[in-house]
Amino acid sequence: CLMTSLPPLVDSFGRRHNNLRLSVTDRCNLRCFYCMPADDVEFVAREELLTFEEIGRFVTVAARLGVDKLRITGGEPLVRRDLPVLIEKLAAIDGIQDIGLSTNGILLGEQARDLFAAGLRRINVSLDALDPVRFKEVTRREGHEKVLEGLQAAKDAGFDPIKINAVAIRGLTEDQLIPFGRFARESGVEVRFIEFMPLDADNAWDRNRVLFASEIRSRLEAEFGPLVARGRPDPTAPSSDFEFADGRGRVGFIASVSEPFCGMCNRFRLTADGKLRNCLFSLIETDIKTILRDGGTDEQMIESIRSSIHEKAEGHEINTARFVQPDRPMFSIGG
Ligand code: SAM
Ligand code: SF4
């Protein structure tokens, strides 16, 4: 049988890679300052975006190499036309067990039901501020109301779990921490705080603007009482998850800068224009699109995937003087 499974993707540090993040577009309806330039963004030409057929072929091959978990991202994935069609296609691939989506939520009100019907069950909504003024400062666009509507639509459609991802920025969204804590306690939605990483388009990242997970935690505890670790059912998950001691409200921390989790990493990424990246911070990438478009074989694709994983570095070097920020900002990599 052509579909037999192959030895898994293990890198030179023994990490097995089963988790693929697929960017389906680099376009976006927001302009978050830590991700995109404010204006004059150069997007990939439409004909350079991988088609659903090309993405499907890649995932079929990756699944033979042990990939069983997918996350759809971007840019804003919901601006890619007919996304539910892709989700249905991916869900049907042998070996794929879990598909998640990361979205800014603006278009969720329109699309939540179709996405659910396509088989999607896990949604992360990025929302950095519960206050509309702060929202606009971060995203440089309107849309706060739409995100809240989108969250409600996702709930109504039956999505579970729904998680909120909030990038925490010193001097900008600090006053949102307590409101988010309250929101987590009242709504039952888990709120995860993400440390600001050097992947912005303007190369203006500054360590002093990173609000560390430990600080966020102590501020929440000062307001709401102790947080109790929920343990790590999945040791490869980047987030450390907590619950307030009184049993009300779950929060998590993705401490990419202050407590890197590279040692357990199982993730790699395919960009919207068909480049394979073994790390967010990688300075090199592997061209998959040429294989897909110029008559390459599955064996060639397998060879390329293996060599990309094999080249993966031990970890990011954000905390060293050696660190070099990749040329591609977050929207272009696929977060
Ligand atoms: N547009 C979708 C969204 O916002 O969820 C998907 C793509 S976005 C690049 C994925 C995630 O990366 C979002 O949660 C976003 O907040 C996060 N992100 C973008 N730039 C970041 C940065 N410089 N540091 C930390 N997180 C970042
Ligand atoms: Fe768009 Fe997401 Fe980047 Fe914000 S973080 S600009 S919503 S891709």
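Taking each DSSP H run with n ≥ 4 as -39500 (n - 2.57) and averaging over every residue of the chain yields -8500 deg cm²/dmol at 222 nm. Simple point charges give the picture: +1 on the Cβ of Lys and Arg, -1 on the Cβ of Asp and Glu, and for segment 236-282 a dipole about the Cα centre of about 280 debye. Expressed to the nearest 5 percent, the antiparallel share of DSSP beta bridges inside the chain is 30 percent.
Charge dipole (Cα centre; +1 on Lys/Arg Cβ, -1 on Asp/Glu Cβ; no other charges) of segment 178-335 amounts to roughly 300 debye. Take Ile291: with every protein chain present and a 1.4 Å probe, its accessible area is about 20 Å².
For segment 35-41, backbone phi angles converted through the Karplus equation (6.51, -1.76, 1.60; θ = phi - 60°) give residue-by-residue couplings of 9, 10, x, 5, 8, 6, 6 Hz, Gly and Pro being listed as x.
Pairs over the 27 Å Cα-Cα cut-off, from the set Lys89/Lys312; Lys136/Lys163; Lys69/Lys163: Lys89/Lys312. The protection proxy used here, the mean number of other Cβ atoms lying within 10 Å of each residue, ranks peptides 99-107, 243-251 as follows, highest first: 99-107, 243-251. Sequence-distant contacts, meaning Cα pairs under 8 Å at least 6 residues apart, place the relative contact order of segment 34-174 at 22 percent.
Between segment 1-33 and segment 179-227, the alpha-carbon centres lie 26 Å apart.
Taking only the alpha carbons of the chain, we obtain Rg and Dmax values of 19.3, 60 Å in that order.
Along the axis of the charge dipole computed for the chain (Cβ charges of +1 for Lys and Arg, -1 for Asp and Glu, origin at the Cα centre), the listed residues Ala112, Ser5, Thr173 are led at the positive end by Ser5. Given a 1.4 Å probe and the protein chains as shown, Val44 ends up with an accessible area of around 30 Å². What a 1.4 Å probe finds exposed on segment 77-186 is 45% carbon and sulfur by accessible area, rounded to a whole percent. Accessible-area rank, largest first, for Ser5, Ser187, Ser218: Ser5, Ser218, Ser187, with all protein chains present and a 1.4 angstrom probe. Hey, what angle do you get for helix 213-224 against the long axis of the chain, alpha-carbon based, 0 to 90 degrees rounded to 10? Here the helix axis deviates by roughly 40 degrees. Working from Cα pairs under 8 Å separated by at least six residues, relative contact order for segment 153-253 is 29 percent. These residues, His310, His17, go from largest to smallest accessible area, 1.4 Å probe, as His310, His17. Look at the alpha carbon pairs under 8 Å that are at least 6 residues apart: their mean separation over the length of the chain gives a relative contact order of 21 percent.
The values are calculated or read from the model by the stated rules, or taken from the named source; none is laboratory data. Keep in mind that what you see is a predicted model, and the values were worked out from it rather than measured. Counting neighbours? That spans all protein chains shown, and the Cβs are built from the backbone with ideal geometry, glycine included. Each accessible area value is taken on the protein alone, full model and side chains, heavy atoms only, with ligands, DNA and RNA left out. Shrake-Rupley method; radii C 1.70, N 1.55, O 1.52, S 1.80 Å.
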